[in-house]
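Read-outs throughout are calculated quantities, based only on the coordinates presented, and are distinct from any laboratory measurement. Keep in mind that what you see is a predicted model, and the values were worked out from it rather than measured. Reconstructed Cβ throughout: ideal geometry from the backbone, glycine too, with neighbour counts over all protein chains shown.
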Amino acid sequence: MAIDPRNLRPSELVRLMNSTPLGEVISERQLYRHRSRAGFRIGDDKAVDLLKYIAWLVHQRNTSEPEPDGDPYATLKDRARARNAALSLAGRDIGELPAVVDPDRKARAATDFRYFCEAYFPLTFHLAWSSDHQKVIERIEQEVLEGRLFAMAMPRGSGKSTISECACIWAVLFGHREFVCLIGSDEGHAVEMLDSIKMELDGNELLLADFPEVVYPVHCLDGIANRCSGQLYQGERTFISWTAKEIVLPTIPESKASGAIIKVGGITGRIRGMKYKRSDGQTVRPSLVILDRMDSRVERVGFAWVRGRVVGR
């Protein structure tokens, strides 16, 4: 059978080159790669010129590659480091915030504490309000918005702690207060109330729907507090804090609650002189103090529940 070395099909070329005493020297896959690299210099899309192919192979073997600049291993490490840094940055950034689901509901709740409790905590406040509850809610609303003093008694088991926790959330979400201090009868009680607030911020879907600028960054933590220090929004740190005794809400430019603080402590602990330095360098002190289950030793507090009584500023 006559073979034209200047016009060989790829399969013929492979069989011809593997027919020497050297045995197999090339495969169809390797020839395909060579044809892709050489282009039409060694043939067309159907046939290969063996002589041109050999000349191309010789040229490739004898052509020395340019020396790389610097240490190739160091360059490879730098590329890997840059790639890992980019992946880490992308994983830490929370991305765009979801849209507010119900702006009208959010706007109405801004100055109506009772509606806020009913709209965002329907499973908690599912019973009708008593006249005492309504009076307390009205006084809390005045306290948060205007800073008035009041004292009121309520029986045990009437929801004092729950209303106190919701008052904390309402005060910071709408920017009414930038630093809320929650004081318990002891350290453990205060921490329990803060855990309840955390559960609402982390698991309340209604709050997530209408307050994504606050709650969405919390959800992005996935319950892992160690992620706080590295969390980013649009490339900038959120400075969110999620510890056993303190919550610092994320610093988001369009949020009224940006950088707001909720801090807890026991009545016998260190509560005098409490302050916090924000990411912008400003030092803030509590503007709303809530005490729950205090005894008669409490004097001149900002807003206090005292064993069924409310004593406040």
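Of the DSSP beta bridges with both residues in the chain, give the percent that are antiparallel, rounding to the nearest 5.
DSSP beta bridges in the chain are roughly 60 percent antiparallel.
Please name which of Thr111, Leu145, Ile169 has its Cα lying farthest along the dipole of region 103-312 towards the positive end, using unit charges on Cβ (Lys, Arg +1; Asp, Glu -1) and the Cα centre as origin.
Positive-most Cα among the choices belongs to Leu145.
Relative to the Cα centre, what is the charge dipole magnitude of the chain, using +1 at the beta carbon of each Lys and Arg, -1 at the beta carbon of each Asp and Glu, and rounding to the nearest 20 debye?
Details: 44 positive and 42 negative charges, 130 e Å.
With only Lys, Arg, Asp and Glu charged at Cβ, the dipole is about 620 debye.
Rounded, prolate or oblate: which one fits the chain, using the alpha carbon gyration tensor with axes a ≥ b ≥ c (rounded when a/c is under 1.5, else prolate when a/b beats b/c, else oblate)?
Values: a/c = 4.74, a/b = 3.50, b/c = 1.35.
Verdict is prolate for the chain.
For His126, His189, what's the fewest-to-most ordering of other Cβ within 10 Å of each Cβ? Display every interim value, and only then the final one.
On the way: His126 8, His189 18.
Exposure proxy ranking, most exposed first: His126, His189.
Give me the extension gain from Arg6 to Glu138: residue separation times 0.36 nm, minus the current Cα-Cα distance, reported in nm with one decimal.
Extending this stretch completely gives an extra 37.8 nm.
What number, rounded to the nearest 500 deg cm²/dmol, is the helix-based mean residue ellipticity at 222 nm of the chain, given -39500 (n - 2.57) per DSSP H run of at least four residues and division by all its residues?
Values: 11 runs with 130 residues, N = 313.
Roughly -13000 deg cm²/dmol at 222 nm, from the helical runs in the chain.
If R0 is 51 Å, what FRET efficiency do you get for Lys245 and Tyr73 from their C-beta distance, rounded to 0.05? Mind showing how you got there, number by number?
Details: r = 48 Å, r/R0 = 0.94.
E(calc), rounded to 0.05, equals 0.60.
Using a 10 Å cut-off around each Cβ, can you sort Lys77, Lys106, Lys135, Lys46 from fewest to most neighbouring Cβ atoms?
Numbers: Lys77 11, Lys106 18, Lys135 14, Lys46 8.
So the ranking, lowest neighbour count to highest, is Lys46, Lys77, Lys135, Lys106.
Excluding the sites themselves, what is the longest stretch of the chain that contains no GluC sites (Glu not before Pro) in a DSSP loop with at most 14 other C-beta atoms within 10 Å?
On the way: sites that count: Glu24, Glu96, Glu254, Glu299.
In short, 97-253.
Report the local net charge at Leu51: Lys and Arg +1, Asp and Glu -1, summed over other residues whose C-beta lies under 13 Å from its C-beta.
Neighbour charge sum, excluding Leu51 itself: +1.
Among Gln60, Ser11, Ile26, pick out the residue whose Cα is farthest towards the positive end of the charge dipole of region 10-62, where Lys and Arg carry +1 and Asp and Glu carry -1 on C-beta, about the Cα centre.
It is Gln60.
Evaluate E = 1/(1 + (r/R0)^6) for Ala47 and Leu22, where r is the Cβ-Cβ distance and R0 equals 25 Å; express this FRET efficiency to the nearest 0.05.
For R0 = 25 Å, the calculated efficiency reads 0.60.
Give the total of Lys-Lys pairs in the chain with Cα-Cα distances below 27 Å; include a pair only if its members are 8 or more places apart or on different chains.
26
Note down the nm distance, to one decimal, between modelled labels 7 Å out along Cα→Cβ at Lys275 and at Asp202.
Output for this residue pair reads 3.1 nm.
If you add up the charges near Tyr276, with Lys and Arg at +1 and Asp and Glu at -1, over every other residue whose beta carbon is less than 10 angstrom from its beta carbon, what do you get?
Counting the neighbours of Tyr276, the net charge comes to +3.
Only counting other Cβ atoms within 10 Å, I'd like Ile240, Ile197 sorted with the fewest neighbours first.
Fewest to most other Cβ atoms nearby, the residues stand as Ile197, Ile240.
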